[in-house]
């Protein structure tokens, strides 16, 4: 009884042209999977001047892009501009709860909040130096 009333209301809202098939047991909807974009985009960026960080900042704020930044050209051109650019990117990453790490000498990896960059120091077990034990005297 309840199911029949629900089915009638649903049937009046949905037309048969919408790709919905009604039956006694369930409602089946067609899935349109072909037009879906990937959930995470890994995108390279090259910094040749300070203004190149605008695209990186927009990608960070979007929250679905992992940025691989080549900072080599800006590093060779103007180290002061590079420091300004990296500071600006770091502040944006921190505000969006992402992660940033150096990768070699000329690359930075910037991730959104759902991802972290692996660091070897985080995974190494904490080693404490062994204290020599005094020998017993006879």
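Derivation of every value follows stated rules applied to the coordinates shown; laboratory data play no part. Nothing here was measured: the structure is a model prediction, and the numbers come from that model. Cβ: placed from backbone, ideal geometry, glycine included. Neighbour counts: every protein chain shown.
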Inset, instruction - Return the distance in nm (one decimal) between the two label points of a simple spin-label model at residue 43 and residue 103, each offset 7 Å from Cα along Cα→Cβ. - result: 1.5 nm
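Give the shape of segment 41-116 as rounded, prolate or oblate, defined through the alpha-carbon gyration tensor: a ≥ b ≥ c are the square roots of its eigenvalues, a/c under 1.5 means rounded, and otherwise the shape is prolate if a/b is larger than b/c and oblate if not.
prolate
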Legend entry - Point-to-point label distance, residue 119-residue 64, nm (Cα→Cβ direction, 7 Å offset): 2.9 nm
